[in-house]
Amino acid sequence: MNSEITFLFWNVNRRPLAPLVAEIAREKSVDVVILAESDGDDTAYIESLTNQTGHAFNKPYANSDKIDVFTHLPRDSVRPVYDHASRRMTVRRLVLEKTDLLLVALHFQSKVNWSDQDQAGEAGNLCREVCRLEDEHGHQRTIVVGDFNMNPFEPGMTSCHGFHAVMTKAIAQKNRRTVSGSDYRFFYNPSWNHFGDRTPGPAGTHYYAPGKPIQFYWNHFDQLLLRPSLLPYFHDDFAVLDRCGERSLLSQHGQPDETVGSDHLPILFRLQFPSSAETLNHA
């Protein structure tokens, strides 16, 4: 038998979306809800999640006020590890039956105020903090999820001096590469698979169309990164959600509908771990 844990991440754009988040959590059997740009009404989220799902949700303590984490897992299962001084990154230790993970949730600085070079530099700073925490905990079973405000192909995401997140499992499974005599760890980024018309859902998570010479329209700012040691427990179960039940999160033009949800679409992913009778790879 296997044990699943399901995560939902959503930048809710400061909108009062507790009932909608709870409805998605019920429909998708979500165990951990991670929100960026929450409206700050923790009570509404806890009550809505508890009432809709039938599980007693709580908000484990953390100093970060830009990322909110709600879960029905026992309080001792989601332990505070680290909150970055910017309050834009929080790290939790997720204690499961057979193993423990590092859960890194972030809301990166916006392109409105930061250049691509600014973002790339800060990405390197944050990834070095993640590596430091991995070394302290003695493993690399790490999940990074959030609104990166960068696309998967941008330097802050792909550079060895940034998150060093690659598009295929085969590359990620090499674990690391050496550049100029220094070793850099890989992340796997499944978000690469969710661009354009040939995806099972929307062409990205955020739509933006200013009158600029270079324009992508659809962006995949909301992403999941996994260390290679977690790939055996990830079976491509990653989705950009565009509806909740019969309710669409998209406008009639096929873009995120802020009158229903947010200017971002939520992402959902699952990890499937072996039962207590089996053995995990503890790399």
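The values are calculated or read from the model by the stated rules, or taken from the named source; none is laboratory data. As the structure is a computational prediction, the values presented were derived from the model and not from experiment. As a convention, Cβ positions derive from the backbone with ideal geometry for all residues, glycine included, and neighbour counts pool all protein chains shown.
Below are the figures for this structure:
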quantity	calculated
Condition met for residue 238 (among the hydrophobic types (A, V, I, L, M, F, W, C), surrounded by 14 or more Cβ atoms within 10 Å (Cβ to Cβ), within 19 Å of residue 151 (Cβ to Cβ) and at pLDDT 95 or above)	yes
Residue ID - modelled with the lowest pLDDT, chosen from residues in the range 174-206 that are part of a loop (DSSP other than H, G, I, E, B), of a type in the set (S, T, N, Q) and in contact with a strand residue (DSSP E or B) (Cβ under 8 Å, 6 or more places away or on another chain)	199
Filtered residue count, the range 47-78, keeping only those that are at pLDDT 95 or above, outside any loop (DSSP other than H, G, I, E, B) and surrounded by fewer than 18 Cβ atoms within 10 Å (Cβ to Cβ)	3
Filter result for the condition that a residue is farther than 21 Å from residue 222 by Cβ, in contact (Cβ under 8 Å) with a residue 60 or more places away in the chain and either touching a strand residue (DSSP E or B) at 6+ places or on another chain (Cβ under 6 Å) or not in a strand (DSSP E or B) (or both), over 27, 23, 97	97
Where a residue in the range 63-79 is without any contact (Cβ under 8 Å) to a residue 40 or more places away in the chain and its partner, wherever it lies, is polar (S, T, N, Q) and in a loop (DSSP other than H, G, I, E, B), with Cβ under 6 Å and at least six apart	68/38
Hits in the range 198-229 - residues which are closer than 25 Å to residue 27 by Cα and aliphatic (A, V, I, L, M)	203, 224, 225, 226
